[in-house]
Amino acid sequence: MVACPDSGEGWVIFSQFDGTAESIWFARYVPGAGWKMTLEFDETRDPCSEPLVAAQGLGGCVVWFRQTDEMVQLMARILD
């Protein structure tokens, strides 16, 4: 998933299976500086999948994803 706010930044959000669980990762593009390091988005060992992303008007984005532990949850986080 890709989001590009009016600021010219870019966000790439994706899920990746590490052999044990699926996790959410992201990378950020900053105009004039290029791509920043890819980082793991979710800070839990519970499986996370199905990311969606939407750009905010002047920068940053909102990410939604499904987290499964003892129940299925819809989680959201703002990146800026």
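Each value in this text was obtained by applying a stated rule to the coordinates, not by laboratory testing. Remember, predicted model here, so these are calculated numbers, not experimental data. Glycine also receives a Cβ, built like all others from the backbone with ideal geometry; neighbour counts cover every protein chain displayed.
Overview of results
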{"item": "Length gained when the stretch D80-K36 is fully extended (0.36 nm per residue, less Cα-Cα span)", "result": "14.5 nm"}
{"item": "Local electrostatic count at W64 - Lys and Arg +1, Asp and Glu -1, tallied over other residues with Cβ under 11 Å", "result": "+1"}
{"item": "Sequence-separation-based contact order of the range 2-79, relative, with Cα cut under 8 Å and 6+ spacing, percent", "result": "26 percent"}
{"item": "Sites matching trypsin sites (Lys or Arg not before Pro) across the range 26-72 that sit in DSSP coil, with at most 13 neighbouring C-beta atoms within 10 Å", "result": "K36, R45"}
{"item": "From phi via Karplus (6.51, -1.76, 1.60), per-residue ³J(HN,Hα) for the range 7-24 in Hz, x at Gly/Pro", "result": "5, x, 5, x, 10, 10, 10, 8, 9, 8, 8, 9, x, 10, 8, 8, 10, 9"}
{"item": "Derived scalar couplings ³J(HN,Hα) [the range 63-70; Karplus, 6.51 cos²θ - 1.76 cosθ + 1.60; whole Hz; x for Gly, Pro]", "result": "10, 10, 7, 9, 10, 10, 10, 7"}
{"item": "Nitroxide proxy distance, nm - points 7 Å out along Cα→Cβ at A21 and A54", "result": "2.7 nm"}
{"item": "Counted charge near A54, where neighbours are those whose Cβ lies closer than 14 Å (Asp, Glu -1; Lys, Arg +1)", "result": "-2"}
{"item": "Sorted by Cβ neighbour density within 10 Å, fewest at the top, the residues S7, S15", "result": "S7, S15"}
{"item": "Where GluC sites (Glu not before Pro) in DSSP loops with at most 14 other Cβ within 10 Å are excluded, longest remaining stretch of the chain", "result": "1-42"}
{"item": "Other-chain or far-sequence residues with amide H under 5 Å of G59's (modelled H)", "result": "D6, S7"}
